[in-house]
1. Given axes a ≥ b ≥ c from the Cα gyration tensor, I'd like to know whether the stretch 66-160 is rounded (a/c under 1.5), prolate (a/b larger than b/c) or oblate.
2. Determine the alpha carbon to alpha carbon distance for each of LYS195/LYS227; LYS77/LYS102; LYS64/LYS102; LYS423/LYS525; LYS506/LYS559; LYS229/LYS269 and list only those over 22 Å.
3. Let me check I have the definition right: for the stretch 104-186, take the eigenvalues of the Cα gyration tensor, multiply each by 5, take square roots. What are those semi-axes in whole Å, largest first?
4. Which FRET efficiency value, to the nearest 0.05, is calculated for ALA159 and GLN418 with the Förster distance at 56 angstrom and r the Cβ-Cβ distance?
5. ALA344's amide H: which non-local residues (gap 5+, or another chain) put their own amide H closer than 5 Å, with H modeled 1.01 Å from N in plane and none for Pro or chain starts?
6. Per the 1.4 Å probe, what fraction of the accessible area of the stretch 313-385, in percent, lies on carbon and sulfur atoms?
7. If I model a spin label at GLN345 and THR127 as a point 7 Å from the Cα along the Cα→Cβ vector, what separation in nanometres do I get?
8. Please compute the length gained on full extension between THR98 and SER184, using 0.36 nm multiplied by the number of residues separating them and subtracting their Cα-Cα distance.
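The values are calculated or read from the model by the stated rules, or taken from the named source; none is laboratory data. The shown structure was predicted, so the numbers you read here are calculated from the model rather than taken from an experiment. With ideal geometry, Cβ positions are generated from the backbone for all residues, glycine too; neighbour counts draw on all protein chains shown. With ligands, DNA and RNA removed, areas are computed over all heavy atoms of the protein, side chains included. Shrake-Rupley method; radii C 1.70, N 1.55, O 1.52, S 1.80 Å.
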Amino acid sequence: MQKSGKTSRTPRIIAAIITLAIFISIPIFTTLNVSAATCADSNCLQLQDPCTTTPGYSCNDYQKLAAFANQDDNLEKLGWNLSDPESWEGLGGITWNTASPKRVTAINFSNKALTGSLDVSNFTALTLLYVGDNQLTALDVSGNTALTRLYADNNQLSALDVSDNTELIHLYAQNNQLTALDVSNNTALRELYVKGNQFTALDVSGNTALTQLYAEGNQLQALDVSKNKSLTHLRVSNNQLETLNVSNNTALMSLEANGNQLRNLNVSKNTALLSLYVINNQLTTLDVSRNTVLGQLLVSANLLTAIDVSNNVNLSSLSVSGNPLTTLDVSANNNLLILDVNGAQLRTLDVSNNTLLTELHLDHNQLETLDVSSNIALNVLNFENNRITDISSITNLPSIQYIDARENLLDLDNIKVQASIEKIQAKIGGNFSYLPQKCLECERSPCVCCEICGFYPCVCIQPPSHPIRMGRNPRNSTNSPPTAAYEKDDVNQNSTNSPPAAAYEKGDVNGDGQITALDALLVLKHISGKEILTGAALEAADINNDGIITAEDALTILKFVVGMIDGV
């Protein structure tokens with residue numbers, strides 16, 4: 001009987017001890033380990049639950065967020081009070097629902113400079129997760145079956161498992177360090193942004209609902225988008241693609257494939273295309289005749305010898321620079337705002353119908369004439385390195401703000417040219433550059449010169465910050481002039497203006513009493529063998545008196561002309 005009585009008193013004794021412990025706040029249960037999964041299904045009111053300080057909230061959600069906040073200085077950046085999860089809402093980036101227990105439905109940690117590993121696994125109520133622009137090294141989204149939007153761009157993630165996120169519609173994981181991504185389970189996916197990672201392959205064959213795929217800046221060698229018939233925007237620039245078949249993507253509105261190795265591209269089925277960017281590939285032909293709604297066409301730096309844009313009447317921007325084009329007809333493109341034909345081989349170009357043009361870029365062609373009198377909306381005009389002699393058509397452009405006319409055949413002593421220059425200069429000041437004999441590249445030796453130099457090796461200088469006026473006279477130079485007289489047949493025999501029969505000064509190669517860029521040009525022509533200097537002209541060209549005419553002599557003259565030195 002005693003044994004029985006002792007046993008019956010034991011529960012009452014234990015209960016008394018527990019009551020006393022609670023009363024004097026002895027943490028007798030702190031060593032109990034209750035799993036988050038068990039606690040997530042309760043109201044976190046059990047005595048042994050570590051979440052007793054936050055009754056009514058999911059222990060899974062609370063504990064994992066609190067653990068993340070305690071990494072590094074995340075808590076300070078988040079501005080949370082750990083004992084008050086309600087304060088995490090608003091600027092704290094957390095949205096709780098009203099269920100019992102409360103679950104996290106949305107997280108917005110964007111651009112908070114957060115670090116470390118974020119574990120939001122089994123946040124079963126989570127639908128929106130924004131953690132972009134941080135420094136996260138790991139992200140666990142397993143068990144988030146309700147997640148529809150995941151923005152994890154601009155972090156340091158090397159892996160991302162989204163296999164459980166079957167409701168995912170928007171996935172942004174660009175600019176991380178991912179080498180692979182399995183999206184085969186994400187059949188609801190409509191937007192996939194994964195540019196700036198390290199993918200060599202990407203399988204989107206199961207993502208038939210996909211409308212936007214941005215995979216620029218990876219290492220893709222192939223990409224099959226034949227099953228993605230809903231695609232409207234495809235960006236795959238700066239990969240290693242040699243082929244790209246978009247014939248099944250008839251809804252495509254935007255295609256960007258710059259910086260690949262494409263030799264062929266068929267866009268005949270993409271009649272909805274509004275913009276097509278295929279800069280820096282190896283295309284030899286491109287047929288855009290069926291892309292009649294095309295508004296932007298950028299095909300610079302390819303191998304096109306011709307392109308027909310007569311059917312593209314809606315074009316507002318056309319760039320064909322860096323292609324070996326000899327002709328270009330833009331007469332039908334009355335809506336053009338920007339036209340870039342730099343680095344082609346055009347001898348003529350008619351832009352009289354393009355009255356809406358605001359920018360016209362024609363650098364490094366072979367144009368001999370340029371009439372822009374109809375282009376009254378022009379704001380920027382570049383035609384550096386051509387063969388243009390007459391610039392009178394650009395003097396009355398009402399909207400012009402910038403003109404680059406360098407490396408042309410402008411005769412700065414011609415009254416008509418001088419009048420045009422002065423008129424333009426008065427209107428736009430320093431935004432007008434017209435130095436005619438500047439070299440194209442500045443390397444030590446040899447370098448490539450502008451066309452007026454005949455593309456022979458010569459000395460290059462940086463262009464001045466102001467237009468060059470011809471006619472600096474070095475009469476105060478300490479160099480004594482040669483005593484030999486000028487002979488008419490020595491220099492520039494084809495010139496209609498015979499130089500005066502007078503003694504030379506160093507640098508005044510043509511004997512006109514001034515040291516100008518033309519004198520440097522005569523030295524360069526002598527070096528190249530195009531026109532040989534003799535007599536006094538030869539002596540005037542030997543600036544350093546070493547008995548040899550070199551590019552260094554031409555450089556000294558040019559330095560004087562632009563004001564880099566005080567004498568020759």
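1. oblate
2. Check vs 22 Å cut-off fails for LYS77/LYS102; LYS423/LYS525.
3. Whole-Å semi-axes of the equivalent ellipsoid: 18, 15, 10.
4. My answer for the efficiency is 0.25.
5. Sorted by chain and number, the residues that satisfy this are GLY322.
6. Using a 1.4 Å probe with all protein chains present, the stretch 313-385 comes out at 48 percent carbon and sulfur.
7. Here the modelled spin labels are 6.1 nm apart.
8. Contour length minus Cα-Cα distance gives 27.6 nm.
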